[in-house]
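Asker: Quick one: this structure, given as structure tokens, is what I'll be asking you about.
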Amino acid sequence: MPDRFHILIAEDEVLAAMALEDFLSFKGFRVTVAANGVEALERYASERVHALVTDLRMPRMDGETLIREIRDRDATLPVVVMTGYLTEDSDLKQERWKPLEIFSKPVNPRTICTTLHRMLGITLEA
Amino acid sequence: MAVGLEELLDTSGFVPHGVCLLWRSDILMLHVASDVLIGLSYFSIPVALIYFVMRRRDVAFGWMALLFALFIIACGTTHFLSVWTLWTPDYVLEGLVKLITAFASLATAAALWWLMPRLLALPSPRQLEASNRALELEVATRREMEARYSGFFNNLGEALFIVQVLPDGDFAYEAINPALARIGGLDPDRLRERRVRDAVKPELADLVIPRYTACRDSGKTIDYEETLDMPAGQRVFHTMLVPVKDAAGRVVQILGSGRDVTERKRLQEEVIQTSKLATLGTLAAGMAHEMSQPLNVIRLWTENTLTRLHDNLLEPARAEKALRLVIEQTERMGKLIDHVRMFGRRDGGGMQIFHPANCVQSAVELVRHQYRQEDIDIVEKGWAAQLAVSGRPLELEQVILNLFSNARDAIVALRAKGGAAGRIVVAVSDDPDGYSVVIQVTDDGGGIDPAVLPQIFDPFFTTKEVGKGSGLGLSIGYGIIDGMGGRIEARNVDLEGGGRGVRFTITLPGQPVSSVDREFSHA
């Protein structure tokens, strides 16, 4: 794997963030965790980030606002959304937000991982 | 010197009175005819008088009429003797009869004067007639009133009864109305004047006597709901007892009315159930989020652990940590599920005596986490209620949740308009009067338009946009609080920080926990 892709996780549920961080680190990613949208945006501004994995409902700036802010700065950053809500009619399903993938909680970290691989154009040797 | 009767009646030496008239036949005839006519007339008067007194037994001073009769007979006799003495000179006899007449006249005259004030005091027939007319009017008015009130008593569908408080403090039925007789399968005539314990079934007596006692001892109107076994099945009554006191302030009678609210209760419960489902619906979105969180944690940790296990990189300490986390998260979910399960239950449990603070607490816990996600804080203040209340805990919780949900919506709406809000203050305390518990929920969501404030408890009234609110929440809440004998009010308040909000105040009557008067629902 091209060394050390940097993934920013925005998730307020500490235990979930911790497990995902652990999993993605185990799979070779460099991971930074932010507890809310504001913190995530600060991290994004100060560090080079290759992909964003975010929750939608968070205190202090929700996921949708965060994505909007990031899309203003970077139209091609891969975004993975994890949500506890039904998202059938979500605005995030629109083409203009792509590259963006939505997963309902509970999420499978392996799926998150392979999605990130795919979005980042990483090919793994069999 | 005694004079014998013989000598008195001795006529020798006298001449008949006719001599004085020179035996002129025309003058004799004039005297005889006149005296006889006068005598006969006089004799007929006492007969008439006695006849009158005998027929009208209620004549005042009847003895006076007898005295008159005696006097007139004596007068008549003197006239007959005048005729007699025209030919027979019995002047002594005539004198004696005149003497008797004199005494009778004197007595009658004296009695007449003596009686005069009292005779004058006797009402005249005209006066009697006037007072009769007044009495007739009075009777007619009273008849009309009687008809009106007995119409009330006999025709109202409400069960009415009058209980007499006996000198020994026990209770007896004085009357029951046909509605009560019909509902209760009771016979009004058999019940009358009988002690309550003897008149009705022991189970019924055990239920009602403590109520009558409470009314008698407090001297105050009391009202309550009771479930009674009736021939038509179990019925719920809203009963009111009103004490009637004598001049000394002792309760001598209890007026009772009972309204059959079975049907209303059933409908109310149905509507509550519907709204509970509606509340459950709005809660469902929050619940989905709440459930997805622990599930997500579980999934992530198990996948994590499994991956490490496959790669032979799993340390026992890490495995243990993961498993413990999984267990914790299942417990968190279990609590949520329990709550939703209870919330959806149809009967909602029976009437209980419970501490309302516990209800408020579990309502707070149910939404606190969800609200925190939206940056809304629930602040608990003054958790000092000691008194218990009577009702269904889950229903009260539903009311509190509804208030929270309204507060949240107001806060979100105010934020959308650029305002700063995000604080819901909830307080439970005993009222200073010591008889009730007060629950207050205050938000900082900007307040309610004073023009619509009076309508907010009306069914289907909502300030929210279409699809956001059924407009039933507060009206159901009102019904539930009313059913618990309490009240709920809303008003706008200015908050310390300068913001504005709505404060809902629920006041519930306190119940001593040890009360023997516990009510159980048989439904």
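Asker: Give the residue, chosen from B:Asp168, B:Asp206, B:Asp187, B:Asp217, that is surrounded by fewer than 12 Cβ atoms within 10 Å (Cβ to Cβ), closer than 23 Å to B:Tyr149 by Cα and free of Cβ contacts under 8 Å to residues at least 40 places away in the same chain. Before you say what the answer is, go through the steps one by one.
Answerer: Working: B:Asp168 fails: closer than 23 Å to B:Tyr149 by Cα; B:Asp206 fails: closer than 23 Å to B:Tyr149 by Cα; B:Asp217 fails: closer than 23 Å to B:Tyr149 by Cα.
Result of the check over B:Asp168, B:Asp206, B:Asp187, B:Asp217: B:Asp187.
Asker: Another question about this same structure. If you check B:Val15, B:Val59, B:Val47, which single one turns out to be surrounded by fewer than 15 Cβ atoms within 10 Å (Cβ to Cβ) and in contact with a Pro (Cβ under 8 Å, 6 or more places away or on another chain)?
Answerer: B:Val15
Asker: So how many residues does the range B:388-423 have that are farther than 19 Å from B:Ile480 by Cα and part of a loop (DSSP other than H, G, I, E, B)?
Answerer: 6
Asker: Then there is this: Quick one: in the range A:72-105, of everything that is at pLDDT 90 or above and within 14 Å of another protein chain (Cβ to nearest Cβ), which residue is surrounded by the fewest Cβ atoms within 10 Å (Cβ to Cβ)?
Answerer: Checking each candidate, the answer is A:Ile102.
Asker: What do you reckon, is B:Trp87 farther than 21 Å from B:Val36 by Cβ and among the aromatic types (Phe, Trp, Tyr)? Outline the logic, then answer.
Answerer: Working: farther than 21 Å from B:Val36 by Cβ: no; among the aromatic types (Phe, Trp, Tyr): yes.
Considered against the rule, which asks whether it is farther than 21 Å from B:Val36 by Cβ and among the aromatic types (Phe, Trp, Tyr), B:Trp87 comes out as no.
Asker: Please work out if A:Leu56 is more than 14 Å from chain B (Cβ to nearest Cβ) and in contact with a strand residue (DSSP E or B) (Cβ under 6 Å, 6 or more places away or on another chain).
Answerer: In short, no.
Asker: Restricting the search to the range B:240-270, which residues are touching a residue at least 40 places away in the same chain (Cβ under 8 Å) and under 16 Å from B:Ala179 (Cα atoms)?
Answerer: B:Leu255, B:Gly256, B:Ser257, B:Gly258, B:Arg259, B:Asp260
Asker: Something else: Taking the condition of being of a type outside the set (Lys, Arg) and either assigned to a helix (DSSP H, G or I) or within 44 Å of the chain's Cα centre (by Cα) (or both), how many residues in the range B:364-377 meet it?
Answerer: Pass one, the range B:364-377, residues of a type outside the set (Lys, Arg): B:364-367, B:369-371, B:373-377.
Okay, now just the ones that are also either assigned to a helix (DSSP H, G or I) or within 44 Å of the chain's Cα centre (by Cα) (or both), so B:364-367, B:369-371, B:373.
Final tally of qualifying residues: 8.
Asker: Name every residue in the range B:429-438 that is assigned to a loop (DSSP other than H, G, I, E, B) and either of a type outside the set (Asp, Glu) or not assigned by the TED database to the domain that holds B:Asp494 (or both), in order of residue number.
Answerer: B:Pro432, B:Gly434, B:Tyr435
Asker: Might you check whether a residue that is farther than 23 Å from B:Arg372 by Cα, charged (D, E, K, R) and over 14 Å from the mean Cα position of the chain (by Cα) occurs anywhere in the range A:56-73?
Answerer: The first filter runs over the range A:56-73 and keeps only residues farther than 23 Å from B:Arg372 by Cα, leaving A:70-73.
Filter once more, so that each one left must be charged (D, E, K, R): A:71-73.
When the remaining residues are screened for being over 14 Å from the mean Cα position of the chain (by Cα), the result is A:72-73.
Checking the range A:56-73: at least one residue is farther than 23 Å from B:Arg372 by Cα, charged (D, E, K, R) and over 14 Å from the mean Cα position of the chain (by Cα).
Asker: For the condition small (Gly, Ala, Ser) and surrounded by fewer than 15 Cβ atoms within 10 Å (Cβ to Cβ), what is the one hit in B:Ala247, B:Ala175?
Answerer: Answer to the check: B:Ala247.
Asker: What number of residues in the range B:93-117 are touching a Leu at 6+ places or on another chain (Cβ under 7 Å) and either among the charged types (D, E, K, R) or exposed (fewer than 12 other Cβ atoms within 10 Å of the Cβ) (or both)?
Answerer: Number satisfying all stated conditions: 1.
Asker: If you go through the range A:53-62 one residue at a time, do you hit one that is under 23 Å from A:His117 (Cβ atoms), of a type in the set (Val, Ile, Thr) and at pLDDT 90 or above?
Answerer: Yes.
Asker: Among the candidates B:Val441, B:Val426, which residue alone is farther than 27 Å from B:Glu270 by Cα, modelled with pLDDT of 90 or more and part of a strand (DSSP E or B)?
Answerer: Values: B:Val441 fails: farther than 27 Å from B:Glu270 by Cα.
Just a single option satisfies the conditions, and that option is B:Val426.
Asker: To continue, here is another question. Among the residues of the range A:8-26, write down those that are over 18 Å from A:Glu42 (Cα atoms) and facing chain B (nearest Cβ under 8 Å).
Answerer: A:Glu13, A:Leu15, A:Ala16, A:Ala19, A:Leu20, A:Asp22, A:Phe23, A:Phe26
Yes/no matrix, rows are residues, columns are (1) closer than 30 Å to A:Cys113 by Cβ; (2) at pLDDT below 80; (3) at the interface with chain A (Cβ under 10 Å from one of its Cβ atoms):
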position: B:Gly281; (1), (2), (3): no, yes, no
position: B:Arg299; (1), (2), (3): yes, no, yes
position: B:Thr302; (1), (2), (3): yes, no, yes
position: B:Asp311; (1), (2), (3): yes, no, yes
position: B:Pro316; (1), (2), (3): yes, no, no
position: B:Glu320; (1), (2), (3): yes, no, no
position: B:Glu331; (1), (2), (3): yes, no, no
position: B:Asp338; (1), (2), (3): no, yes, no
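Asker: Among the residues of the range B:412-458 satisfying the criterion of being acidic (Asp, Glu) and crowded, with 19+ Cβ neighbours inside 10 Å, which is farthest from the chain's Cα centre (by Cα)?
Answerer: Only one residue fits best here, namely B:Asp444.
Asker: Here's something else I'd like to know. Check A:Val80 against each of (1) without any contact (Cβ under 8 Å) to a residue 40 or more places away in the chain; (2) touching a Gly at 6+ places or on another chain (Cβ under 9 Å); (3) of a type in the set (A, V, I, L, M, F, W, C) and name the one condition it does not meet.
Answerer: Checking A:Val80 against (1) without any contact (Cβ under 8 Å) to a residue 40 or more places away in the chain; (2) touching a Gly at 6+ places or on another chain (Cβ under 9 Å); (3) of a type in the set (A, V, I, L, M, F, W, C), the one that fails is (2).
The values are calculated or read from the model by the stated rules, or taken from the named source; none is laboratory data. These numbers come from a predicted model, not from an experiment. Counting neighbours? That spans all protein chains shown, and the Cβs are built from the backbone with ideal geometry, glycine included.
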